[in-house]
Every structure is written in C-alpha cells, then in structure tokens.
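**Q** Can you read through this structure? Questions will come right after.
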Amino acid sequence: MSLFNDVEKVLISETELKERIAALAAEMNAIYTDDDLPVLICILKGAFMFLADLTRHLTFRHELDFMEISSYGRGTTSTGAVRILLDLAKDVQGRNVVIVEDIVDTGNTLTYILRNFAARNPASVRVATLLSKPSRRQIEVPVDFIGFEVPDEFVIGYGLDFAEQYRNLPFIGVLKPEVYQRS
Ligand code: IMP
C-alpha cells in the first residue's frame, strides 16, 4: 500500500512550505552579515530538508554542520531521554551558531541542545525551527525563527518521520492514528 494512504490530511502544502521558508530566510538575511559567518547546525535527521531549502535562500556567507540527536525511539511521544548520536565536526567556540530544528514539541530536546551548546562557548546562539507545537510545551525554551505553529497532532513528512519512515513526503501531513496504534 502506498505511504500516501497512511496520511490523514495535508496540514502544510509544498507551496506553503516554500513560501514560508523563503520568508524565514529573509528574516535571517536581515540579521546576519558575511562578517558574522554563522554556522548553521542541522539537527538530524528531521531537519535535513528544511536546512537544504533554507540554506539556498540565505545571502550571507555561512557554514554548515550536522548533529544527530535521538529522543523518540519508535513512539509518538518524547521519552525525555536525549542522546547525541553524531557530534559536530566543527569547534563552535567564538562562532555565531544557528540551530536548525524540525519541530519543538515538549521543548526537552532543544533545552538539552542549548545546554550542550552553551558549554562550547559560542559567540551567539539562535534557533530556527520549521514547526512548533506550543500546546505541548513542558519547558519554556527560546526560539528565534518559527516556520509554523501546529496543533497537537503527530505530523510527518518534509524530513519528519514516524519510525524512520515518511521523511520523503514533500508536505507536512498528519498520520492516521491507526498507523501508530497498530505498530
Ligand atoms: P521535544 O523534545 O518533545 O520537543 O521533541 C523534539 C523532537 O521530537 C523533534 O526534533 C522531533 O524529532 C520529534 N517530534 C516531536 N513531535 C513530532 C511529530 O509530531 N512528528 C515527528 N517527530 C516529532
């Protein structure tokens, strides 16, 4: 059966994503200059598509690095236990850092990431997230650039997964509850 059959509805279309990401990039273009030479940190795996589209709209010089974090396992709610699966290649001491996340849900993962970065003594840290679920927040966490606020539903596509699948969907969709109830 096609993976599209597991989608209950499209929450954010490809066109909406494209337009909003261009607008987010414009916000960042108004803040950073070549001299800032920020490092964008893509939080894997969920943010890979967002980062790929965002970086193409940025007009200031910047560098990229990648960090893989695991917080979910196979379920649809955070376990609260956060682990670094792949660490940065770069030393970010004294650098301007932009954390690029897919979604801020409870805020646990981002809180962990921000604490971890604070220990690396960067010059500045800002956060860009494609999605935010404010109704689920357990910890207040600062986010500088937010693509879309979404309701309390489990979303997939455009990099976001359920059990490592559906990341390739070109839109943000809501997964049919029977898909995660049966697994
Ligand atoms: P938090 O620690 O609860 O804020 O969760 C953050 C991480 O959980 C994100 O980086 C995602 O990888 C994952 N996540 C949270 N909500 C969703 C969702 O609706 N769909 C897919 N992944 C999610």
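**Q** Please enumerate the residues belonging to the range 156-172 that are at negative phi and touching a Leu at 6+ places or on another chain (Cβ under 6 Å).
**A** Within the range 156-172, Ile156, Phe162, Ile172 qualify.
Here is a yes/no grid of residues against (1) aliphatic (A, V, I, L, M); (2) touching a helix residue (DSSP H, G or I) at 6+ places or on another chain (Cβ under 7 Å); (3) crowded, with 17+ Cβ neighbours inside 10 Å:
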site	(1), (2), (3)
Leu24	yes, yes, yes
Glu27	no, no, no
Gly46	no, no, yes
Ala52	yes, no, no
Arg56	no, no, no
Arg61	no, yes, no
Phe66	no, no, yes
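**Q** Would you tally the residues in the range 151-171 being aromatic (Phe, Trp, Tyr), within 10 Å of the ligand (Cβ to nearest atom) and under 15 Å from the mean Cα position of the chain (by Cα)?
**A** 2
**Q** Taking interchain pairs and intrachain pairs at least six residues apart, which have beta carbon atoms under 7 angstrom, with the first residue in the range 143-168 and in contact (Cβ under 8 Å) with a residue 12 or more places away in the chain and under 17 Å from Asn108 (Cβ atoms) and the second among the aromatic types (Phe, Trp, Tyr) and near the ligand (Cβ under 9 Å from one of its atoms)?
**A** From residues that are in contact (Cβ under 8 Å) with a residue 12 or more places away in the chain and under 17 Å from Asn108 (Cβ atoms), the pairs are Phe154/Phe162.
**Q** Can you pull out every residue in the range 163-183 that is modelled with pLDDT of 95 or more and within 15 Å of Ser2 (Cβ to Cβ)?
**A** Answer for the range 163-183, where residues must be modelled with pLDDT of 95 or more and within 15 Å of Ser2 (Cβ to Cβ): Gln165, Tyr166, Asn168, Leu169, Pro170, Phe171, Gly173.
Residue-by-condition table, conditions (1) under 23 Å from Phe162 (Cβ atoms); (2) acidic (Asp, Glu):
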| residue | (1), (2) |
| --- | --- |
| Lys9 | yes, no |
| Arg20 | yes, no |
| Tyr32 | no, no |
| Asp91 | no, yes |
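The values are calculated or read from the model by the stated rules, or taken from the named source; none is laboratory data. Since the model is a prediction, treat every value here as computed from it, not as a measurement. Backbone-built Cβ (ideal geometry, glycine too); neighbour counts: all protein chains shown.
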